[in-house]
1. For the range 27-51, which residues satisfy the criterion of being surrounded by 20 or more Cβ atoms within 10 Å (Cβ to Cβ) and either touching a residue at least 60 places away in the same chain (Cβ under 8 Å) or under 23 Å from P162 (Cα atoms) (or both)?
2. Residue by residue through the range 175-196, note down the ones that are over 13 Å from the mean Cα position of the chain (by Cα) and either open to solvent by 100 Å² or more (accessible area, probe 1.4 Å) or in contact (Cβ under 8 Å) with a residue 24 or more places away in the chain (or both).
3. State all residues of the range 115-136 that are modelled with pLDDT under 95 and polar (S, T, N, Q); if no residue qualifies, say none.
4. Can you tell me which of (1) over 22 Å from the mean Cα position of the chain (by Cα); (2) closer than 20 Å to D130 by Cα is the one G63 doesn't meet?
5. Evaluate the range 31-42: report whether one residue or more is in a loop (DSSP other than H, G, I, E, B), under 23 Å from V124 (Cα atoms) and among the aliphatic types (A, V, I, L, M).
6. Check the range 64-84 and report whether any residue there is of a type in the set (V, I, T), out of contact with any Ser or Thr (no Cβ under 8 Å at 6 or more places or on another chain) and at pLDDT below 95.
7. Anything in the range 164-174 that is touching a residue at least 12 places away in the same chain (Cβ under 8 Å), surrounded by fewer than 15 Cβ atoms within 10 Å (Cβ to Cβ) and aliphatic (A, V, I, L, M)? List them, or say none.
Amino acid sequence: MAERPHTTLLHAWHEAAAATMGDFSGWSMPLWYPTGAVAEHRVVITHAGLFDTSDMDVLAVNGPGAFALLQLCFTRDLRQCVGRSRDPLTPGRCVYGAFLNDFGDLIDDAILYFMQPDEYVVAVNAGMGDTIVDHLSSHARGAETRISCCRDNVGKIDLQGPMSARILLNVLQEPESVLSGLEYFTFAGHFDGESQLARVRLLD
């Protein structure tokens, strides 16, 4: 008997909105809604659209050895990976790269977020969280490093399209403080409400 696909926190909403659902890497995900894929595509490229990307795995890599571990296992040199000037990765910035196995073959591509010293978040593709955790754990040496998959505690929604920033101006409590100076491949806030970085709030 085939295993039932995983569902995101928004699964019931998708079904109530009459989404056509399909299997994506073991997850039940919306393919399109009654308006149709073509209309949805046009709206996103001219205005904006919301995407449930909760099927992606989110990893936390923390501790004194986090930087050294990621510097070893990630394809980007975190000391010189930002922009044309090749500045080091600093808190509030993220970088695209990949994880390779010991033979140089691709395991998965990922986005690495530098939250604060000794604290990183890594977003990987659906179903790859445990694989990347195992890969990092096998190379963790020396200083204490905590590596965990947060898939059961984190939902993820992407707002994409040219009107995205204007929409956020209407839903954030303090949009200026969040969006001001938010450059390409930077971020604000934290998914953990207990973190000192969790300062992004939505309007009630």
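1. The answer is P30, and nothing else.
2. To start, the set of residues in the range 175-196 that are over 13 Å from the mean Cα position of the chain (by Cα) comprises 175-184, 192-196.
Once the filter is applied, which keeps residues that are over 13 Å from the mean Cα position of the chain (by Cα) and either open to solvent by 100 Å² or more (accessible area, probe 1.4 Å) or in contact (Cβ under 8 Å) with a residue 24 or more places away in the chain (or both), the range 175-196 yields E176, E183, Y184, E194, S195, Q196.
3. Listed by number, the residues that qualify are Q116, N125.
4. (1)
5. no
6. From the range 64-84, those of a type in the set (V, I, T) are 75, 82; that's our starting set.
Add one more test, that the residue is out of contact with any Ser or Thr (no Cβ under 8 Å at 6 or more places or on another chain), and what stays is 75.
Of the ones still in play, those that are also at pLDDT below 95 are none.
No, because not a single residue in the range 64-84 is of a type in the set (V, I, T), out of contact with any Ser or Thr (no Cβ under 8 Å at 6 or more places or on another chain) and at pLDDT below 95.
7. A165, I167, V171
The values are calculated or read from the model by the stated rules, or taken from the named source; none is laboratory data. All values derive from a computational prediction rather than experimental measurement. Methodologically, a virtual Cβ is constructed for each residue, glycine included, from the backbone with ideal geometry; neighbour enumeration extends over all protein chains shown. These area figures cover heavy atoms from the full protein model, side chains too; ligands, DNA and RNA do not enter into them. Shrake-Rupley method; radii C 1.70, N 1.55, O 1.52, S 1.80 Å.
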